[in-house]
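All remarks here apply to the structure that follows.
The values are calculated or read from the model by the stated rules, or taken from the named source; none is laboratory data. Just so we're clear, the structure is a prediction, and the values are computed from it rather than from any experiment. So basically every Cβ, Gly included, is an ideal-geometry build from the backbone, and we count neighbours across all protein chains shown.
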Amino acid sequence: AKLHGKQVLMYCTGGIRCERASALLDALARTSDGSFEVKDTVMVRGGIERYMKTFPEGGYWKGKNYLFDRRFEQVPEAKSLADLAKDIESYCCVCRSPCAYYRGGFYCGGWLATTKSRCHIPVIVCKACAH
């Protein structure tokens, strides 16, 4: 319902999940009774990985692309650490301080009433709160 009538921009690391998610949105729109339809779906072709290779200084990308695998993060090669620090838009989920450090191991423990289970989505926790 939140996406109904809106333009959807998708991006992922390599582009594969976006293709699948886009196909899912199309299928949902085709099978709905008209109550679900997105205005348009656009994707970053080749994902953020290709975008950062095309624009090594970052282009319009701000900050880091957090990856939930062993790589942990992806940053523009030619962007300085000082400029990366200015781009921080994420916060520690415990103390709410700006934080651009993700290393896994911390998960949302919120209760989901709809599924009667814990959330368990990976979250960002700063070094101070991690200890």
Failed item in (1) within 18 Å of Thr13 (Cα to Cα); (2) outside the structural domain of Ile16 (by the TED database), with Tyr66 passing the rest: (2)
Which listed residue is surrounded by 15 or more Cβ atoms within 10 Å (Cβ to Cβ), in a loop (DSSP other than H, G, I, E, B) and either out of contact with any Pro (no Cβ under 6 Å at 6 or more places or on another chain) or on the phi > 0 side of the Ramachandran plot (or both), from Gly58, Gly34, Gly5: Gly58
Yes/no for Ala21 being in a helix (DSSP H, G or I) and modelled with pLDDT under 85: no
All positions within segment 61-79 that are surrounded by fewer than 16 Cβ atoms within 10 Å (Cβ to Cβ) and small (Gly, Ala, Ser): Ala78
Any hit, segment 80-91, residues being part of a loop (DSSP other than H, G, I, E, B), at pLDDT 80 or above and exposed (fewer than 13 other Cβ atoms within 10 Å of the Cβ): yes
Residue within segment 32-47 that is farther than 24 Å from Leu3 by Cα and either free of Cβ contacts under 8 Å to residues at least 60 places away in the same chain or not assigned by the TED database to the domain that holds Lys6 (or both) present: no
Qualifying positions in segment 97-131 - over 24 Å from Asp83 (Cβ atoms), touching a helix residue (DSSP H, G or I) at 6+ places or on another chain (Cβ under 9 Å) and surrounded by fewer than 14 Cβ atoms within 10 Å (Cβ to Cβ): Gly105
Odd one out for Ala21, checked against (1) touching a residue at least 12 places away in the same chain (Cβ under 8 Å); (2) among the small types (Gly, Ala, Ser); (3) closer than 30 Å to Phe106 by Cβ: (1)
Pairs where the first residue, in segment 54-75, is modelled with pLDDT of 90 or more and the second is exposed (fewer than 12 other Cβ atoms within 10 Å of the Cβ), C-beta under 6 Å, 6+ apart: Pro56/Glu77; Pro56/Ala78; Glu57/Ala78
Candidates Phe55, Phe72 - the one that is among the aromatic types (Phe, Trp, Tyr) and farther than 16 Å from Val123 by Cα: Phe55
